[in-house]
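**Q** Starting off with a structure, shown below.
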Amino acid sequence: MLLLKITKPLRQAYARRFHFKLDGAHCASQLRRKGFAVVDNVFSTEFCDSLVSELKNADASGLLIPNATHLVAPDRKTAQFFEKPRINEIELLNPENQAVCPTFSSLQNDPWLIDLFQPHFPHLKIDSQAIKGQVNSGHGGCFPIHPDSDFKTDQRHISCIVYLNKNWKQGDGGELRLYPFPYAHIDIEPLFNRMVLFSSSLMLHRVLPSQAERFAFTIWLSGPGERLIDLPFTGDRESDAWAYVLSPKNRKHVARLIYSEEWAESIEESHHNPRRLVEDHWKSVQIIVNAFRSHLPLISQLPLGPDSKLPEHFPDELPWF
């Protein structure tokens, strides 16, 4: 993706227009330590109102398209698409969409978020961003458990969701459930002008069924930098067993095993005809069981709750990027 060259005066003008308030160092610290960060009141209210207006207009104009789950074939060359009812989106990389969404366009074409995180994650070489707006019409619209990125298919590193739901209240649903595995899940309310940032490749997440109309947009930060896929071995058998189970390349597979029932339920809730997806899920679970059979006693100790005692030989730190 090519980004516009932004001069210093123009960048300052963007900053005044966005009125963004985001502490890059603090967010980066939270992302490295927990895999996610939550920041409220990132933009001005007027800016958020303008984004909501553009989403509504784009929806009324028929520019939004249904979100779909992609089931990639083993050869990774073909895929089946399974639409999620009541979830419609608009791609802001599309010039035609930018023309009818000028506020979103200004956000898409200014690399302020790239500039904010590049110094804190130099190894990721973040150099591009993509924005997608979303309208969930309610009536149970939701997403299954999933990561935003796969090591083999794209270069997404950081996902940033911004919520635009001014009158959200308890009972409206649509909460974001994060799975900072191996720790227990956490539910985050989709409050107006709240940004949630997390690891695109390692933070499993889902959207709980929404009973009210729900507006949001996501910014994905990408780059050609290499992601860590293994944890170092020490030579200690038990420590190395944990390092293998919780390595970045294995963590989401182990999480699928732990949350297998909830994962299947989330697929069923979010699709009209989920049979093929559910079958594929249980096939994956069986493959994981076979692959990690000798590690099942360790895996049975997970996930760890807030008051859980760390298992013996558990890693001191778990990388998220």
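**Q** Among the residues of segment 192-228, count how many are within 21 Å of Ile145 (Cα to Cα) and in a loop (DSSP other than H, G, I, E, B).
**A** Result for segment 192-228: 7.
**Q** Can you pull out every residue in segment 139-174 that is over 30 Å from Ile126 (Cα atoms) and surrounded by fewer than 23 Cβ atoms within 10 Å (Cβ to Cβ)?
**A** His139, Gly140, Lys166, Asn167, Trp168, Lys169, Gln170, Gly171, Asp172, Gly173
**Q** If Ile65 passes every condition in (1) free of Cβ contacts under 8 Å to residues at least 60 places away in the same chain; (2) among the hydrophobic types (A, V, I, L, M, F, W, C); (3) buried (at least 18 other Cβ atoms within 10 Å of the Cβ) but one, which one does it miss?
**A** So Ile65 meets the others, but not (3).
**Q** Do we have Leu93 as in the same structural domain as Gly133 (by TED's automatic domain parsing) and assigned to a helix (DSSP H, G or I) here?
**A** Considered against the rule, which asks whether it is in the same structural domain as Gly133 (by TED's automatic domain parsing) and assigned to a helix (DSSP H, G or I), Leu93 comes out as no.
**Q** Hey, among Pro232, Pro248, Pro274, which residue is farther than 30 Å from Pro85 by Cα and in contact (Cβ under 8 Å) with a residue 12 or more places away in the chain?
**A** So the residue among Pro232, Pro248, Pro274 that is farther than 30 Å from Pro85 by Cα and in contact (Cβ under 8 Å) with a residue 12 or more places away in the chain is Pro248.
**Q** Further, regarding this structure: Would you please list the contacts, defined by Cβ atoms under 8 Å and residues six or more apart or on different chains, that run from a residue in segment 293-321 that is under 20 Å from Met203 (Cα atoms) to a residue that is hydroxyl-bearing (Ser, Thr, Tyr) and part of a helix (DSSP H, G or I)?
**A** Pro315/Ser239
**Q** If Asn273 meets every condition in (1) at pLDDT below 95; (2) out of contact with any Phe, Trp or Tyr (no Cβ under 8 Å at 6 or more places or on another chain) apart from one, which number is that one?
**A** Among (1) at pLDDT below 95; (2) out of contact with any Phe, Trp or Tyr (no Cβ under 8 Å at 6 or more places or on another chain), Asn273 violates only (2).
**Q** So Ile126 ticks every box in (1) closer than 18 Å to Asn57 by Cα; (2) within 19 Å of the chain's Cα centre (by Cα); (3) not hydroxyl-bearing (Ser, Thr, Tyr) but one. Which box is left unticked?
**A** Every listed condition holds for Ile126 apart from (1).
**Q** Answer yes or no as to whether Phe314 is in a loop (DSSP other than H, G, I, E, B), outside the structural domain of Phe82 (by TED's automatic domain parsing), more than 24 Å from the chain's Cα centre (by Cα) and within 29 Å of Leu124 (Cα to Cα).
**A** Considered against the rule, which asks whether it is in a loop (DSSP other than H, G, I, E, B), outside the structural domain of Phe82 (by TED's automatic domain parsing), more than 24 Å from the chain's Cα centre (by Cα) and within 29 Å of Leu124 (Cα to Cα), Phe314 comes out as yes.
**Q** For segment 145-165, give me each residue that is assigned to a loop (DSSP other than H, G, I, E, B) and in contact with a Leu (Cβ under 9 Å, 6 or more places away or on another chain).
**A** Pro147, Ser149, Gln155, Leu164, Asn165 - these are the residues of segment 145-165 that are assigned to a loop (DSSP other than H, G, I, E, B) and in contact with a Leu (Cβ under 9 Å, 6 or more places away or on another chain).
**Q** Considering only residues that are surrounded by 15 or more Cβ atoms within 10 Å (Cβ to Cβ) and more than 19 Å from the chain's Cα centre (by Cα), which ones fall in segment 215-246?
**A** Scanning segment 215-246 gives Leu231, Ser239, Asp240, Ala241, Trp242, Ala243, Tyr244, Val245, Leu246.
The values are calculated or read from the model by the stated rules, or taken from the named source; none is laboratory data. As the structure is a computational prediction, the values presented were derived from the model and not from experiment. Cβ coordinates were reconstructed from backbone atoms using ideal geometry, including for glycine residues, and neighbour counts include every protein chain displayed.
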